[in-house]
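The next block holds one structure in the form of structure tokens; read it before the comments.
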Amino acid sequence: MAMDLYAQMMNLPVGYIVLDTQFNIIYMNDYFRQSKSAYRANNFMAKKCYNICNGGFRCHECIVEKTMKSLSSERASRRVVQPDGCTFNTEVITLPFFDSKHRLQSVMEIVIDKTEEEEFQSSLEKTYLLLIGSITKLLEKKDKYTAYHSANVKHYSLYLAKYFNFSEADQKKILIAASLHDIGKVAIPDSILQKPGNLTDDEFEVLKKHPVRGAEIISKVKHFNDIADIIRYHHEKVDGTGYPYGLKGEDIPFMAKMVAVADSFDAMTTSRVYRGALDINYAVSEIKRNAGTQFDKDIAGAFAYLVENEVIQPIYIQN
Ligand SMILES: [Fe+2]
């Protein structure tokens, strides 16, 4: 899977290298190779990064090492001094990749030259959005259900946003969050995502990590913090029995509670690997029954009203 992603990102205007868990360089794209801040050496492959850029000593506060410990995306500033004395300020973002047994397989290090601060801000956002696009495509390939599901949740969330009179900017926010709400599943093994039967407790614990993983990816985009929060909290329940944090009521962002209702409605009305699609009336009755425990009362009421009055029509039912 990781090699798929490296290939997909090949043409992105962003430099990156990929390291194995022993700090050996196993991939480097042309953009990085040709950039001014690239490591200067004739042959990098299979060499340890710190042998090339730090005289054989592990870097102080090494971001790759930090990623290996936290198993999540990290971000840091790094100053590169080339042998000719030229200095470049770079921003480094890492992404961990896991094998099918959820063991760390490699770490991607995206290196952005931020010598020109303004150029950096816009290029970081653009490239990161492109990167998110690539990750989304990869997730769609990995899990077809998630692709349909994300489109449906976006569709339902828009009606809710209109019902609650959201501004254009807030509508945009919830649409992006709804489209990307399960992006963290890119880090979940196929054996769990595609499993036809019930998940074991351990497997469910792994699946429960996807909101946080998704939020980590999205939060690296400037101005996307609210969107990251919607993704982070979309499996919380108002009575505090949700995950990952067990937040209650008002502590859960309103937009995350909207995505939660849209998410559950679509999960019920579409076929899953472990069961067929449920009846729409039944799905609405479940939303109503769980208002005040799983769902926010106002949002659940609004959603039921919109479906019962055929404003919301589940047009993407997969059988
Ligand atoms: Fe989810």
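The values are calculated or read from the model by the stated rules, or taken from the named source; none is laboratory data. Because the structure is predicted, anything quoted here is derived from the model rather than measured. Neighbour counts are summed over all protein chains in view; Cβ atoms, including those assigned to glycine, are modelled from backbone coordinates with ideal geometry. What goes into the accessible areas is simple: the full protein's heavy atoms, side chains included, and nothing from ligands, DNA or RNA. Shrake-Rupley method; radii C 1.70, N 1.55, O 1.52, S 1.80 Å.
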The one condition Leu278 fails out of (1) hydrophobic (A, V, I, L, M, F, W, C); (2) more than 14 Å from the chain's Cα centre (by Cα); (3) within 15 Å of the ligand (Cβ to nearest atom) is (3)
Discussion item. Would you confirm whether or not segment 257-264 contains a residue that is buried (at least 19 other Cβ atoms within 10 Å of the Cβ) and among the charged types (D, E, K, R)?
Written reply: yes
The residue from Leu19, Leu12 that alone is surrounded by 17 or more Cβ atoms within 10 Å (Cβ to Cβ), modelled with pLDDT under 80 and under 29 Å from Arg213 (Cβ atoms) is Leu12
| request: Evaluate the following for Ala151: is it over 15 Å from the mean Cα position of the chain (by Cα), within 16 Å of the ligand (Cβ to nearest atom) and not in a loop (DSSP other than H, G, I, E, B)? | output: yes
Within segment 229-251, restricting to residues that are among the hydrophobic types (A, V, I, L, M, F, W, C) and away from the ligand (no atom under 14 Å from the Cβ), the one that is surrounded by the most Cβ atoms within 10 Å (Cβ to Cβ) is Val238
Within segment 176-186, of all residues that are open to solvent by less than 40 Å² (accessible area, probe 1.4 Å) and of a type outside the set (Gly, Ala, Ser), the one nearest to Val259 (Cα to Cα) is His181
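Results for (1) at positive phi; (2) of a type in the set (Lys, Arg); (3) modelled with pLDDT under 95; (4) assigned to a helix (DSSP H, G or I), shown as yes or no for each residue.
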{"site": "Tyr156", "(1), (2), (3), (4)": "no, no, yes, yes"}
{"site": "Ala169", "(1), (2), (3), (4)": "no, no, yes, yes"}
{"site": "Leu175", "(1), (2), (3), (4)": "no, no, yes, yes"}
{"site": "Ala178", "(1), (2), (3), (4)": "no, no, yes, yes"}
{"site": "Arg213", "(1), (2), (3), (4)": "no, yes, yes, yes"}
{"site": "Glu236", "(1), (2), (3), (4)": "no, no, no, no"}
{"site": "Tyr243", "(1), (2), (3), (4)": "no, no, yes, no"}
{"site": "Glu250", "(1), (2), (3), (4)": "no, no, yes, yes"}
{"site": "Ala260", "(1), (2), (3), (4)": "no, no, no, yes"}
Of the residues in segment 262-289, those that are out of contact with any helix residue (DSSP H, G or I) (no Cβ under 6 Å at 6 or more places or on another chain), assigned to a loop (DSSP other than H, G, I, E, B) and touching a residue at least 12 places away in the same chain (Cβ under 8 Å) come to Thr270, Ser271, Val273, Tyr274, Gly276
Restricting segment 187-205 to residues that are open to solvent by less than 30 Å² (accessible area, probe 1.4 Å), away from the ligand (no atom under 12 Å from the Cβ) and in a helix (DSSP H, G or I), the one farthest from Lys162 (Cα to Cα) turns out to be Ile192
Going through segment 253-267 in order, the residues found to be away from the ligand (no atom under 11 Å from the Cβ) and either closer than 12 Å to Gln294 by Cα or not hydrophobic (A, V, I, L, M, F, W, C) (or both) are Pro253, Lys257, Met258, Val261
